[in-house]
1. Take segment 79-97 and flag every residue that is of a type outside the set (S, T, N, Q), exposed (fewer than 10 other Cβ atoms within 10 Å of the Cβ) and within 29 Å of the chain's Cα centre (by Cα).
2. Tell me, yes or no, whether segment 67-74 has at least one residue that is closer than 26 Å to PRO34 by Cβ, surrounded by 15 or more Cβ atoms within 10 Å (Cβ to Cβ) and touching a helix residue (DSSP H, G or I) at 6+ places or on another chain (Cβ under 9 Å).
3. If I go through segment 120-157 residue by residue, how many of them are in contact with a helix residue (DSSP H, G or I) (Cβ under 7 Å, 6 or more places away or on another chain) and within 23 Å of CYS51 (Cβ to Cβ)?
4. With the requirement that a residue be within 12 Å of ligand 1 (Cβ to nearest atom) and β-branched (Val, Ile, Thr), what does segment 100-151 give you?
5. Mind checking which pairs have a first residue in segment 72-99 that is away from ligand 1 (no atom under 16 Å from the Cβ) and a second that is in a strand (DSSP E or B) and among the acidic types (Asp, Glu), Cβ under 9 Å, 6 or more apart or different chains?
6. What residue, of ARG135, ARG181, ARG165, is touching a residue at least 60 places away in the same chain (Cβ under 8 Å) and either surrounded by 11 or more Cβ atoms within 10 Å (Cβ to Cβ) or over 21 Å from CYS57 (Cα atoms) (or both)?
7. Quickly run through segment 15-64 and pick out the residues that are small (Gly, Ala, Ser) and modelled with pLDDT of 95 or more.
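The values are calculated or read from the model by the stated rules, or taken from the named source; none is laboratory data. Worth saying up front: this structure is predicted, and the values here are computed from it rather than measured. Reconstructed Cβ throughout: ideal geometry from the backbone, glycine too, with neighbour counts over all protein chains shown.
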Amino acid sequence: MPPIPGSGLAKGLAVTLRTMTKRTVTAQYPDVQPELPPRTRGVIGLFEENCTVCMLCARECPDWCIYIDSHKETVPPAAPGGRERSRNVLDRFAIDFALCMYCGICIEVCPFDALFWSPEFEYAETDIHELTHERDKLRDWMWTVPEPPALDPGSEEPKEFAAARKTADKLRAAEEAEAQRAAEEAEARQAAEAQQAAGAQRPVEDRGAEGRRAGEDRGAEGRRAAEDRGSEGRQADEDQGGEGRPGPGSDRGGQP
Ligand code: SF4
Ligand code: SF4
């Protein structure tokens, strides 16, 4: 049966009309960022502080794309009389995202919650070597990891919360002790400086007082000497006056 003329046009217009009334699904990326589900597997972030270099993730990774280097260090005993301990120190942690198949096994097996999924996906590179993210870059991804979902009401508090609180309390106590020690040191330093300044001022005052005393002594001596000289002079005058005046019984007074 030959097609009815204009039926193709009518069909096309019907499709256009149908899609015009439907909600659009086109994502305007990169002008508009997509809204991704919270558990999106975009990139892996490393929370280095939690990593004990147990190597479980590297061993379990099916692609062998996790590279870890470490060395051992001896740490002094926590309490006096205790034993020295040795611990692993992380030197390198890298994930090659050119090999990674985003299975999530490494995150699942990590016993210390050191690896997390981040929904970030914009890290395409023109050089494949750049897709090996070293520890600093993996740490930076941690800032993009979404918060864990809220706990069910009435559920038990996770042990990590209590451990984190204990660590924060310890840190705060150490900071307070340090601040108090610094304040005591500053106070002691100020007191020592004030004592030093007082010690330097005393000889000057002593010298002044001695000078004043010596001046007063010299003045007193001078006054005494002047008084003595005055009294001697008066005595001499009196003596001379006595000799010059004719008395009633004197020879000169008896002459006619
Ligand atoms: S997601 Fe899978 S493939 Fe990728 S690093 Fe982790 S274990 Fe390896
Ligand atoms: S499994 Fe976790 S703790 Fe162990 S090496 Fe990997 S990231 Fe670190």
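1. ALA79, PRO80, GLU84
2. Restricting attention to segment 67-74, the residues satisfying the condition of being closer than 26 Å to PRO34 by Cβ are none.
No: segment 67-74 contains no residue that is closer than 26 Å to PRO34 by Cβ, surrounded by 15 or more Cβ atoms within 10 Å (Cβ to Cβ) and touching a helix residue (DSSP H, G or I) at 6+ places or on another chain (Cβ under 9 Å).
3. Initial filter on segment 120-157 (in contact with a helix residue (DSSP H, G or I) (Cβ under 7 Å, 6 or more places away or on another chain)): 120, 125, 135, 139.
Right, trim to within 23 Å of CYS51 (Cβ to Cβ) and you get 120, 135, 139.
Residues that pass the stated criteria total 3.
4. Of everything in segment 100-151, those that are within 12 Å of ligand 1 (Cβ to nearest atom) and β-branched (Val, Ile, Thr) turn out to be ILE105, ILE107, VAL109, THR132.
5. Within 9 Å, the pairs are SER86/GLU73; ARG87/GLU73; ASN88/GLU73; VAL89/GLU73; LEU90/ASP69; ASP91/ASP69.
6. Values: ARG181 fails: touching a residue at least 60 places away in the same chain (Cβ under 8 Å); ARG165 fails: touching a residue at least 60 places away in the same chain (Cβ under 8 Å).
None of the other options fit; the residue is ARG135.
7. Narrowing segment 15-64 to residues small (Gly, Ala, Ser): 27, 42, 45, 58.
Correct list: GLY42, GLY45, ALA58.
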